[in-house]
Every structure is written in structure tokens, then in C-alpha cells.
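Undergrad: Below is the structure I would like to discuss, written out as C-alpha cells.
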Amino acid sequence: MVFHSQERLQPINKTQRVTPGHLTLSETTQSTPVGAGGGLAVGTLLLVEEDRYDSYSRMLLKYFLAEGVVCGHELFLASARDHPDEIMQELPSPIVDDVAGMKISEGQSQPSDPENPDTMKIAWRYQNQPRVQTALASSVRFGHYYDVSKTMEPELRQAAKCHSFYQLQETPVTTESSPLPSPYHALLKSIQTVIRKEGFDGSTPQSKVRNVLRLGLHSLGSVLWGDDVCCKDNPAHCHALTTFLYALRGLLRTSLSVAIVTVPSHLIQVEEFGNRAVMGRIIRLSDTAIALESFRGSEKEANPLYKDYHGLLHVRQLPRLNCLSCEVPDTKDLAFKLKRKQFTIEHIFTELLSSALLVLTITAGEQQE
Amino acid sequence: MCCRERKLEDSYSFKVTSFQVINALNPSKPFYSGECVHYMCRCFQILGEDVHVLGFESPETQVCAGLDSSCVQKLHFHEGFPDPLGWKCTSSFTVDQFTSQHITQLIKDTQYAKASVLVVDSLSLVLRHHDPVVICQRLQELRKGGVIKTVIGLLHSDLHQQGVVGIVGHLASTVISVAPANNERHGVAKTTRRTKSGKVMQEEEYFSVSEDATLSVQAKLRQPGHVQKEQDVSEADPTSNLTFNLRLSEEERKAKEKVALPFVFSQEKKSALLRPTPGTGRIMYEPDANDDFDEEDPDDDLDV
């Protein structure tokens, strides 16, 4: 990672200096107590193992891209299944503090009258206040909040510069000299072209405010990328995905960019293939790796311990950037819940519950005697 | 018509773009799969859709048996059954012709331009003779091509590796797994449907298909040990059974509403006060790290 000394460094759009030499991007999952330490470091790769039906991993990808739009970063979105434009249209809408705007418009258009059910009789001074106080929006902490039930305004979305790569529309290129199969090769080439052309690797002069490129790569390793790692025990291109990730991380380290890659690990780590090393290799080739396990459709859905959550979040790897070891969290029992305005990740106290049960059984035994 | 067909119409409103029937039965009882295909064709015809069937496993007579003659026009059967691999060159459609270009051309040739339904009976045969990666890519091309609205594929999951079944299931937006129930006459169907927004809906039902392709859905399967909660009875009225009276009679209510409240201003004064003035005292509060409120422990003094 190339970082100049403090004096020469220009401010880079919407990033924060956490430790000397590290720039981090805001991450929208504000309540995560562990892992990214409040953000994703520029030049790193975040690997997300998809949940079974790709609902929450897709949501994380959309949060990542939406944060990029709101911060004014450039985006690169690659997908093989749904067209990138379709994914962009599903981005959640940011929550902005718009109370002042609402007040003025309401005062003019809606005169209070007795027939109007919204008119308050006694507390009429609070009539024009918003019904729900959005305390979330008033905070100016690093990062933003999003409302999942609404999609982002097209004007806001189109203001962001987005490069897309849709595997179905790419013409296959013969790649005899490359160790990668055609789709991965084409994707890597496309990313490299964008980084060079837009100057994220420092090739253009530093006259304008430098920006960061956010890359979102959806469902790498699935069959639609031409990869057979999911369906065969001895795939023909067994090193395709690992080679791609290795090359991608090289590109990220030498440019101002961050990537999030989702992988359908439940299809790769199938029972009949036994314990495969490929998933371990994929994790080692990323900086941060998390896995989402949704409760939907599994027997854990009926477990009372998990009734308040939508799934478990497993931290497979934490980043070790410019240091030998990383901060190890106290506990790795994390569960997530997708609420309308927040994606919360919390510790769940499995030890506490099991020890409480142990105490109860002991006392019951004593009383009987 | 039975209730199941109404359900199919409902599923149409979800814009199913790729739909699958997975047969998880043992091979000695293949009749469920054939009857499912037969039933599916009948349903789509009732809905007025153009149906193209690539039949590799069942002959046309079996699939089209019992269908109304008026609907037969909209059913286009591409016979692959007697010779699916084209050894004797007697079939009109072979497994090798399962490409997006060929199928799209086939559909465009046979009818006026309208997005239609493609039923593949079965995908297992196609997957056994071609690379699963290539077949999945072709299915994706068909789905996004625009000529075909819905693709329905039948897959015998006991004939493939778990990996292959997994990737085909992952590609589909709806998966129905069919298996025999304890009772021989019935089967159990587990449906998993994914919407674009990420919602997943799952259902499990008993069904049986009769001779004339009528599908009847018997009952929803209940999980053993899963207690069905009774509907909450209407809440007890808290103002009853008290020693004092908390209710209002009609006259009392009217008198209450007539009482003049203090600080009730005229409409003009209210609007004048409500008009936003610049620089009203607004409190800007930014919670810092110490203000991490926990609703269950507001005083932060529980020794957890």
C-alpha cells in the first residue's frame, strides 16, 4: 500500500484516518462491535460468504453501494445473474434529517381544520413536527443510515458514477495465455482498465480531489461465472477463483479502492465433496472474511435463543494490515437482524444461557432431596 | 378446478421467471413427475399461455392426454422421447439442441410473437450429457432472452450429485421438492420461493394427482411438536368489573367535549404561532460513545 507522508497527502473524499497510514471507508452497519473497527480500510478485500438464499449478503452489497453513492465515491458493480442496473435500482434510500423541509411544506399546504384527523386539539403546537423523531439521521457520525423499505431516488443514484460488468453481455475472449477462464479474465481486465483510466492508482496528476473506487462483485464462484468449483469435486479450473482473488487484491493494494466479494460457499462446501481446502484458500486470500448463516429454512429457526434474530454472523478472518497481529474480539458469537432502518449485529450470550440452565437444574435437584 | 390452480395464478402475480420441479422420489415411482408435467400443462393452458414442452422422457400422448382440444393449439410439444440423443434421427428435438439460440428459434418459428412458457421434461437427461456449467449458463440466457417468460424444469435429484442439484436449485427462483408421503396415494411438496427483494417463502403441502390431472392439495403439513398458537381472544375490557364507574354515558361524553379548554386559541393565532420562524431553538444532540443507551438497562448499573 503506497501512502505518502502526512504533508504531501491530499484529502480524499469522505475517508477518515484511523491509524497512521490507514484510510477507512465508512461502513453502514454501525452497530458492529468487532471486525472492521468502524470501517473498511482502503485497499482491502472483504469476503462475504452468502447465506443460503442470498438475501442478506445481497443486502450487505446494496448497503455498501448505497454508502458509496451517498459519499460520492465511484462504483464498480459486476454480476452474472441479475443485471447490475437492476441491483442499483434496489439500493435502499438514505435517511436524511429533513424536518425543516417538511415543516414548511406542511404549513403551507395543509391548514389545520377540525375535520382533519391530524389536527391536534390540545397539543397543537406539535402538529407540524414529524411523527417519529428520527434520531438516527441527526447524528453526524461516520456513516449513514438507510431505510430498506424505500429505494433510493433515481436522481441521487444517477449522480454517482457507476461502472458495470454484466457477464451475460460480455463476449467470450480466448485466453490461451491466461491461467484464468474467460469470464474472470474479462472481469479483471475491466477492473484494471477502470482503475487506470479514472486514475485511482495515482497515474493522473493530483489536481482534483481524489476519490475512492468501491467494487462490488456478486456471487463469484457460481456457475454463471463459468466456474465449476460448485458442482465438481475436481474442477477443471480449480485455481480460477483463487488466482482471480490474488490478482484482485494486488490491484486493490496499488490503488485507492475497496472491494466486497460475495461467494456462495454453501454450494462450494457441499457435504459429498468432503472437507475441501478451496474455501480456506479463498478466505486466506481476502483481508476480512465473514459468513452469513440465515435461520430461514433451518432447524435453528425454532430455537428460542435465536428468536429475535435473522441469522448468525461468523467472522472467519480479521484483517492484519501493516501489523503482525490483529485485535481479537472477546467473543465470536454474533447474530444479525435486519430491521427497516438498521442492520444490527449483536453479541448473543450463549454461555450465559447455558450456565443459567445449569444453575436451575442444580437447585431443583437440591430441593427434591 | 381445485384450489391448487388458484395458487398457480397467485404465483404468476409474483412474476416467476424460473421455476423448477425437483423430483426427489425413488425411481420406482416416477408417476408423480409425469403427472406433474401433465398437470402443469393443463394449468398454463387454462391461464391462456403458450406452452412449449421439450419432452425427452414422456411421449406426447401421455402429456397431452385429457387436455381440451381448444387448448391443444397453444401446446407445442417437441418430441424428443423415442430418441433423445439422436441415434436414429427419429426425434424432432435432441439433447444436443438444448441451446438458447436453438430454443429461441424454435419458439419464434412456431407461433406469433408472445412470451411463452417452456417446460423441460426433463433437465436430468440434458445434464447427464452436457457440462452442468454450460447448461446453467444456457438456462440463464433463456431466462434473460425475453422470448420466454417462464422456464420450468423437471430434475430427478437422485440421479445427480448433490453439487449439481444445488447449483440448479440456486439458479431457480422457485424450487418445489416432491417426495412420497407415508400414504402411497399422496405426495408431499416443499416449495421455496425467492423474491427479488430477498424475501423467502416456504410452504409444505400434501397433494395427490388423480387420473384426469386434477391436483388436490389436502392439507398443510404440520411440524411435529410445533404447537399452533390459538388466536388471541378479544382482550378483556379493563373498565368492567370495577367498584367505580369509568365509562361515559352519551350525555356525559357530549358535555365533556363542550368544555372549553385553556390555551385554546383562535385559528389565526394558532397558525401565526405555528409558522416557522428562523432561528427557533432547536436542540442538536449527537450521542457520543458514553451515551450508548440500552433500553433494558437504562441506568447502566446491572451487573451483567
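Each reported figure results from applying straightforward, stated rules to the coordinates on display, with no laboratory input. As the structure is a prediction and not an experimental result, all values here were calculated from the model. Note: ideal-geometry Cβ built from the backbone for every residue, glycine included; neighbour counts use all protein chains shown.
Undergrad: Would you tally the net charge around residue A:233, using a Cβ to Cβ cut-off of less than 15 Å, leaving residue A:233 out, and scoring K and R as +1, D and E as -1?
TA: Once positives and negatives cancel, what remains is -3.
Undergrad: Tell me, B:259, B:126, A:148 in order of fewest to most beta-carbon neighbours within 10 Å?
TA: B:259, A:148, B:126
Undergrad: Same structure again: Report the net charge of residues surrounding residue A:322, where surrounding means a beta-carbon distance below 12 angstrom and charges are Lys +1, Arg +1, Asp -1, Glu -1.
TA: Charge balance in the 12 Å sphere: +1.
Undergrad: Taking neighbour counts of Cβ atoms within 10 Å as a proxy for exposure, in what order, fewest first, do A:56, A:309 appear?
TA: A:309, A:56
Undergrad: From the backbone phi of segment A:296-312, what are the Karplus-calculated ³J(HN,Hα) couplings (6.51 cos²θ - 1.76 cosθ + 1.60, θ = phi - 60°) in whole Hz, Gly and Pro given as x?
TA: Karplus values, whole Hz, x for Gly and Pro: 4, x, 10, 6, 6, 4, 8, 6, x, 5, 9, 5, 8, 10, 9, x, 9.
Undergrad: Same structure, new question: Once the other residues with Cβ under 14 Å from the Cβ of residue B:127 are scored (Lys, Arg +1; Asp, Glu -1), what is the net sum?
TA: Cβ neighbours under 14 Å give a net charge of -3.
Undergrad: List, in order, the whole-Hz ³J(HN,Hα) value for each residue of segment A:223-228 obtained from phi through the Karplus relation with A = 6.51, B = -1.76, C = 1.60 and θ = phi - 60°; use x for Gly and Pro.
TA: These are the phi-based 3J(HN,Hα) values: 4, 5, 8, x, 9, 9 Hz.
Undergrad: What order do you get for A:59, B:201 when you list them from fewest to most C-beta neighbours inside 10 Å?
TA: With the fewest neighbours first, A:59, B:201 line up as B:201, A:59.
Undergrad: Give me a single rounded figure for A:54-62: the average over its residues of other chain Cβ atoms within 10 Å of their Cβ.
TA: 2
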